[in-house]
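These notes are about the structure you will find just below.
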């Protein structure tokens with residue numbers, strides 16, 4: 001399996017399992033980069049199917065309660081999702097300890113016209129439904145980009161934070177908005193990937209809670 005190595009301070013073995021389309025995965029990479037630690041990652045969705053199955057089987061062997069991104073620290077601790085405080089603590093950083101400037105960091109890229117067009121279309125769609133998009137516009141645009149990447153790759157707006165098979169029938173339940181959106185927003189204040197939020201979360205009256213994966217593994221999908 002091919003890993004991408006990122007150089008930095010050696011704080012023990014740090015491995016990251018990600019999806020190229022997942023905005024939360026991008027946030028973990030950004031955090032590790034800003035902390036300046038050495039790590040390696042694998043964008044699982046860009047690997048061959050046998051390699052994807054190998055990763056899923058390995059993570060399942062640890063616990064079935066996982067979802068991308070998955071961070072393994074010292075081959076002892078497993079963090080599923082974006083958990084900044086725990087990541088800092090397990091790597092030996094204080095919660096408020098300053099992070100490093102990334103050498104040669106590039107300025108923010110110009111807005112992607114395709115992302116902006118899709119973002120505006122999604123805003124109109126939500127307005128018509130009485131739904132609310134994540135109020136963090138920058139993060140929401142990253143999720144929209146993931147949806148567009150999946151559109152190019154698989155021909156569908158599949159959830160950017162889940163591993164997609166490319167079989168429309170198998171993926172039907174995770175086509176955005178996924179069938180889990182409504183119960184997740186109602187119970188936790190946000191959908192699984194964080195694209196859609198409740199009105200109270202949108203207005204800053206409540207905080208979204210961590211959203212567990214409702215989708216069951218190895219369960220036949222309904223056509």
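The values are calculated or read from the model by the stated rules, or taken from the named source; none is laboratory data. Source: prediction; values computed, not measured. Cβ atoms come from the backbone with ideal geometry, glycine included; neighbour counts cover every protein chain shown.
Assorted remarks:
- Yes/no for residue 165 being farther than 20 Å from residue 124 by Cβ and surrounded by fewer than 16 Cβ atoms within 10 Å (Cβ to Cβ): yes
- Number of positions in segment 36-59 that are farther than 22 Å from residue 152 by Cα and in contact with a helix residue (DSSP H, G or I) (Cβ under 7 Å, 6 or more places away or on another chain): 3
- The residues of segment 24-52 that are more than 19 Å from the chain's Cα centre (by Cα) and either loosely packed, with under 14 Cβ neighbours inside 10 Å or under 25 Å from residue 149 (Cβ atoms) (or both), listed by number, are 48, 49, 50, 51.
- As a summary of the residue check, residue 65 satisfies the conditions (1) surrounded by 13 or more Cβ atoms within 10 Å (Cβ to Cβ); (2) closer than 23 Å to residue 182 by Cα; (3) at pLDDT below 95 except for the one numbered (1).
- One residue stands out in segment 114-142 among those that are out of contact with any helix residue (DSSP H, G or I) (no Cβ under 7 Å at 6 or more places or on another chain) and not in a helix (DSSP H, G or I): the one that is surrounded by the fewest Cβ atoms within 10 Å (Cβ to Cβ), namely 130.
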